[in-house]
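Structure first, then comments.
We did not get these values from a lab; they are worked out from the coordinates using the rules stated. Note that the coordinates shown come from a computational prediction; the quantities given were computed from them, not determined experimentally. Neighbour counts run over all protein chains shown; Cβ positions are idealised from the backbone, glycine included.
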Amino acid sequence: MARFIRPGMVRDALHGVWLGHPLHPMLIQASAGAWLSASILDFTGREEKAARRLVTAGLAAAVPAAVAGAADWFE
């Protein structure tokens, strides 16, 4: 999929040119942090609703992280 992104604004945004730093590592931290927090809440046995929301947030953050990672990988 990332191979089909032509050079330009979208590819530069996925690489983090606007940030001055690669975008993929930052997005991965959001997913990993949400899933780690959800596992801690599951382990304690409290706040099941919050744990489910964190898992959902981690899944939502994983999609752009995967796209940005694929763009980096195929570069």
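Dipole magnitude for the stretch 24-75: computed about the Cα centre from +1 point charges on Lys and Arg Cβ and -1 point charges on Asp and Glu Cβ, it is near 260 debye.
Each peptide in 25-36, 45-56 was scored by the mean count of other Cβ atoms within 10 Å over its residues; highest first, the order is 25-36, 45-56. Per residue, the average separation of C-alpha pairs within less than 8 Å and at least 6 apart gives the stretch 24-75 a relative contact order of 48 percent.
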